[in-house]
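Below: the structure, in structure tokens.
Each reported figure results from applying straightforward, stated rules to the coordinates on display, with no laboratory input. Predicted model, so just to flag it, every value in this text is computed and none were measured. So basically every Cβ, Gly included, is an ideal-geometry build from the backbone, and we count neighbours across all protein chains shown.
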Amino acid sequence: MPLSPTILNNVNLNQHSKPIVSIILPTRNRCHLIRGAVESVLNQTFSDIEVIIVDDGSTDKTAQVVTNLNDRRIRYERLNESRGAPVARNIGISLAKGEYIAFQDSDDEWLPQKLEKQMQAFEVSKPEVGVIYTGFYRIMGNEKHLDSYNKCTAS
């Protein structure tokens, strides 16, 4: 279903019961990284989202960090024992309310316009397009390298 201009103008989640995009974020023992990952999603220019954090049995302070973020768009699901990132992702998908799904890893941070650009790519794509992906920067120490996929691409 193509997006309407209203959706691309970031209608606030308060105005309807269902977010446009559900971001699934599995994590395990990443209390030192999870805040940056989640805040990079919450600070997107496309804001009609929910963030589903599936904690894969963390034994550190991940739950406390997530709880302190205190944003109504965050949903937190904690597994009692580790079942692996694929299971955590699938649980997140089963909880998702959005029309679209995006995946975020707990050690990654998104640039502010990532979702907006991806949703605009969906808007201009043919109806049979089901996946939009982007490139990424790999940061190692003080070095930043752009992956070879440096533009939004539809598949």
For this session: State all residues of the range 44-55 that are crowded, with 16+ Cβ neighbours inside 10 Å and assigned to a loop (DSSP other than H, G, I, E, B); if no residue qualifies, say none.
Result: 44, 46, 47, 48
Problem set entry | Residue that is farthest from residue 76 (Cα to Cα) [pool: residues in the range 22-43 that are surrounded by 21 or more Cβ atoms within 10 Å (Cβ to Cβ) and of a type in the set (S, T, N, Q)] | 22
